[in-house]
Amino acid sequence: MFKKRRERKQAELHEELAGALRDPDVAVRAKAACDAAEAAEPEWALRELAAAVAREPWADDFHETVVDGFAAVLRRDTAVRERTERIFAGHLDDPEGFLREWTEFMAELGGPPAPRDFGEDLCDDMRQRLTYLRGEGWTDEGIDRFGRPGTFTRDLAFDLAVLLATLVVRRNEPLSAEEAEPLRGRTRALLAEALPLAPGAKERRQVLAEIAELPAEESWTERAQIGLVVDEALALCGDDDPDRRTLGIETLSDLLLFNGVLRYSSVLAVLDRLAAGGPDAHVLSEVLRCYDWLHMHKPLDEPPLALFLEGLRHPDTEVRKTAAEGLDPMAEGSPVEGEAVRGLIGLLDDDPETAVRVSAARTLAGLDCAAESDARAATDALERHAGSPVPDIRALSLRHALSRNVPDAYDRLLHELESPDAHWGFVSACKIASLSGGFSPPDDVRPRLVAALERLEASGWTDRCADPESYPDPDDLAEMLSELLERLRAGR
């Protein structure tokens, strides 16, 4: 009798939880998932929660959805927990292998069927998450370093991994025809509107920004939507008409800027083809910019260093500027590192355009040269321009000096911050240097720095010395100043 009563109560609980897991209120679903993880029969809970994760609607904060309960129920059974941990630990450097084993595991538990094929974008997204998990302490042996199962830190590391895996799978789901066609039509209409406008003109850039910034609709498919728009840009890049090719590379450049890198291999193939075709200066600058973003996202196997070095000598200002910017970090440790450093120094010393000289200084300040002679040459060049009439160049020279704890760097910084309209680059230089190992203000300097920054903060500097229409705007400056003061007050 008691057994039947328990079975009836368990069945009633399962029915109640199953209904709550389909409730339109995310908070109700999340609570039901946690209740199921704790109180429901484990096999039922695993099956129901695996299915619930697969149908969970878009949410601004995924960890406050059914995934919390799903992670908890995965931890509840020792064999299931150990298998989950083995899947992560065994594939930290193998995103496709991870996805294959993970989705098969989810299907086995009660989730949707495992896909047969995994696209490059999905694997790339997962690669980034697995790299992050390794940085957070996961190893090929698992997460034993976080303590025994059941401890807070161990459970937190486990739950984070499950959250990221489920999030990646959901946000890379392919578009349905109903989702794809309206977006494709909108994109093509905007491209048609942009085509007659002048390449590089403000009016065209405004239209391209509309393409790159998708409509603000809360959806899991945003990443897939971006991929579809990238495909449209890639198709234009291969058009026989040069005007349409130009529009294609401009669109692609904006898409990578606003949304990060998708279709990595396809984008690389298009860039290689355009670069080999003797592009005009405008197209070349966009190609260089796109190569730079690809390399930052995932280092190119064969970076086009010769193209960038040639770009340093190009007659067009924008090409020289873009080429200079792209050599950090592309040139680091490469066979042409020395040539790149010499070319950048030449631009910093002699280029007639201030924007090019600033870009060269920024790259020299950021390069982590493998050869000591190259590092010394970059340092000497930046020190020569410590008194430059261009505030951006002075700030970059100072940033380099601060990161290396050059003796007079703090005096230079305090002098710059005495101005009530101090250029934001000096605050940025101090913040960036504070994140490096070399930044160590003397005990008598730190309170003076804090006082100088507090004076700026109290004077309304953030509103007075920012362009509301560009970076850094007043909010950016306020955040920069606040974070720097916090670090300095904490002795960091």
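Worth pointing out:
- For region 88-188, Kirkwood radius (reciprocal of mean inverse C-alpha pair distance, Å): 15.1 Å
- Mean sequence separation of contacting Cα pairs (under 8 Å, at least six apart), scaled by the length of region 114-217, corresponds to a relative contact order of 19 percent.
- Dipole in debye (nearest 20) - the chain, about Cα centre, beta carbon charges: Lys, Arg +1; Asp, Glu -1: 1340 debye
- The Cα atoms of the chain cover 92, 65, 44 Å along the three principal axes, with the biggest extent listed first.
- Simple rule: put +1 on each Lys or Arg Cβ and -1 on each Asp or Glu Cβ in the chain, find the dipole, and look at Phe258, Gly111, Ser334; the Cα lying farthest toward the positive end is Gly111.
- As a length-normalised measure over Cα pairs under 8 Å and 6 or more apart, the relative contact order of the chain settles at 7 percent.
- Applied to region 175-191, the Karplus parametrisation 6.51 cos²θ - 1.76 cosθ + 1.60 on θ = phi - 60° returns per-residue 3J(HN,Hα) values of 6, 7, 4, 5, 7, 6, 5, x, 5, 4, x, 4, 4, 5, 5, 5, 5 Hz, with x for Gly and Pro.
- Per residue Cα convex hull volume in Å³ - calculated over region 172-326: 112 Å³
- Using a probe of 1.4 Å, the accessible surface attributed to Asp475 totals some 120 Å² when neighbouring protein chains are kept in position.
- Between helix 474-489 and the chain: long-axis angle, C-alpha atoms, 0 to 90°, nearest 10: 90 degrees
- Cα long-axis angle, helix 242-259 against the chain (0 to 90 degrees, to the nearest 10): 70 degrees
- Cα centre as origin, Lys/Arg/Asp/Glu Cβ charges: region 136-288 dipole, Debye: 220 debye
- Of Lys9/Lys31; Lys202/Lys431; Lys202/Lys298, those spanning more than 24 Å from alpha-carbon to alpha-carbon: Lys202/Lys431; Lys202/Lys298
- The angle separating the long axis of helix 354-366 from the principal Cα axis of greatest extent in the chain is about 60 degrees.
- Residue separation of Thr151 and Arg404 scaled by 0.36 nm, minus their Cα-Cα distance, works out to 86.9 nm of gained length.
- Estimated from helical segments only, the mean residue ellipticity of the chain at 222 nm is -22000 deg cm²/dmol, where each DSSP H run of four or more residues counts as -39500 (n - 2.57).
- Around the Cα centre of region 362-444, unit charges on the Cβ atoms of Lys, Arg, Asp and Glu (plus for the first two, minus for the last two) sum to a dipole of about 260 debye.
- Listed peptides 58-66, 351-359 by packing density, highest first (mean Cβ within 10 Å): 351-359, 58-66
- Rounded if a/c under 1.5, otherwise prolate or oblate - region 326-442, Cα gyration tensor axes: oblate
- Part-to-part distance (alpha-carbon centres) for region 279-327 and region 159-200, which is given in Å: 26 Å
- Listed residue (Ala198, Ala209, Gly147) projecting farthest to the positive dipole end of region 143-233, Cβ model: Gly147
- Nonlocal amide H pairs with Ala370, under 5 Å, H built at 1.01 Å: Gly333
The values are calculated or read from the model by the stated rules, or taken from the named source; none is laboratory data. If you're wondering where the values come from, they're calculated on a predicted model, not measured in any experiment. Using ideal geometry, Cβ is built from the backbone for each residue, glycine included, and neighbour counts are taken over all protein chains shown. Calculation scope for accessible area: heavy atoms of the full protein, side chains included, ligands and nucleic acids excluded. Shrake-Rupley method; radii C 1.70, N 1.55, O 1.52, S 1.80 Å.
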